[in-house]
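Report on one structure; see the data block that follows.
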Amino acid sequence: MKRTSILLVFLLLIPLNELFAQFDRECINYYYGFDVEQDYQKAKECFEKDESNISYIFLILMYLNGDGVEINYDKALKTLKQWEKDYPNNNATMENLSDIILTRSENHQNDYDRLEYWHIASTTYDIGFSSKFQVQYEDQQFSKYSKTFDEQLNEAQIEKFIQLKNAFDDLISQEKHLVELMETANKDNLDQQFSLVNEVTNKYRDRLKNIFSKHPVPKYFENDLLLANEQLNSTLSTFYKFISFWITEKDDAKHVQDLLTQNQQFWNIYTDSWLVFFKTIDNSMFIDQYLVSLKTELTLERIEELEEMHSRFSF
């Protein structure tokens, strides 16, 4: 990864987002197995030929994780030093990796958690850029899980699961439309808004992954559900008022409010679908208490999502 001083000066004058755009995406495809067979050796060769900050990051991660190579903190540090030489402007991600290499090289443990780009990303550009890979990676992993998940379901459960999946897809599709519409008045916040959609997706996936695990004692009860419903209604009312204040054109404000109402209707269908599917999974004598607890949990998640959406759009 040698560069002449002239090329280095030229690269440092390029905005980071443009520099990242020059990154060879094929390297990532080999690293994670996106649309190609996963091949760490090809990924490593690709990163070594590439001339971007991101390739240095992934080479360091390969030595820290042992991806296609032996875990080697000395080589990770050597790669970091070369990165610092080629890109003298230190950044927070670089410093974060430096600290991790130092800590791990001193402790010599073998049970460190795997590191991904989005785990160590510490600059605005790294966080934004890594999030694109994170979503694709999580989609890939969930797709693999879904194949084994379907095999555990009987015919009746499959029917209800399809209904749940359709309800979830409808909710997410409509929610993206709502976010896009509201984004027109807050363009700088679009990535943050879509992160909310990703959070809903992750909670849906996590709940599915734990559906067959032993159920704990119900966390919530009837009174908790009543309070949660009251809080949800209050949160929605506040959001409607905020939209009227935030969007001065009455027709535009009414359109967004109608979409929020529609979004809530999709959420209600999604919640009911969860309850119906859960009943096919659990036939214990405490099923009614579990359903109340699950509905309360979903309602509290909805309140949190609406409050976060409200705060981000009013930023």
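Condition check ((1) in contact (Cβ under 8 Å) with a residue 24 or more places away in the chain; (2) among the aliphatic types (A, V, I, L, M)) across all residues:
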{"site": "S273", "(1), (2)": "yes, no"}
{"site": "V276", "(1), (2)": "yes, yes"}
{"site": "I281", "(1), (2)": "yes, yes"}
{"site": "Y290", "(1), (2)": "yes, no"}
{"site": "S293", "(1), (2)": "yes, no"}
{"site": "E297", "(1), (2)": "yes, no"}
{"site": "E304", "(1), (2)": "no, no"}
{"site": "M309", "(1), (2)": "yes, yes"}
{"site": "R312", "(1), (2)": "yes, no"}
Among the residues of the range 76-95, write down those that are within 19 Å of N65 (Cα to Cα) and in contact with a helix residue (DSSP H, G or I) (Cβ under 7 Å, 6 or more places away or on another chain). A76, L77, T79, L80, W83, T93, M94
Take the range 101-145 and flag every residue that is in a loop (DSSP other than H, G, I, E, B) and either of a type outside the set (D, E, K, R) or touching a Pro at 6+ places or on another chain (Cβ under 7 Å) (or both). H108, Q109, N110, Y112, L115, A121, S122, T123
Out of E116, E106, E138, which single residue is closer than 29 Å to L196 by Cβ, surrounded by fewer than 17 Cβ atoms within 10 Å (Cβ to Cβ) and free of Cβ contacts under 8 Å to residues at least 60 places away in the same chain? E116
Quick check on this structure: which one of T235, T271, T261 is under 25 Å from the mean Cα position of the chain (by Cα), over 18 Å from L164 (Cβ atoms) and of a type in the set (S, T, N, Q)? T235
Return the residue satisfying two criteria in turn: it lies in the range 281-315 and is surrounded by fewer than 16 Cβ atoms within 10 Å (Cβ to Cβ) and hydroxyl-bearing (S, T, Y), and of such residues it is nearest to D224 (Cα to Cα). S284
In the range 42-92, the residues that are surrounded by fewer than 16 Cβ atoms within 10 Å (Cβ to Cβ), in a helix (DSSP H, G or I) and under 27 Å from the mean Cα position of the chain (by Cα): A92
Name the residue that is farthest from the chain's Cα centre (by Cα), counting only residues in the range 146-157 that are assigned to a helix (DSSP H, G or I) and surrounded by 13 or more Cβ atoms within 10 Å (Cβ to Cβ). Q157
Exception for D170 within (1) modelled with pLDDT of 85 or more; (2) in a helix (DSSP H, G or I); (3) surrounded by 17 or more Cβ atoms within 10 Å (Cβ to Cβ) falls at (3)
Any idea which of (1) in contact (Cβ under 8 Å) with a residue 60 or more places away in the chain; (2) farther than 25 Å from H177 by Cα is the one L227 doesn't satisfy? (1)
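The values are calculated or read from the model by the stated rules, or taken from the named source; none is laboratory data. Remember, it's a predicted structure, so these values are computed and weren't measured experimentally. All Cβ positions, glycine included, derive from the backbone under ideal geometry; neighbour counts span all protein chains shown.
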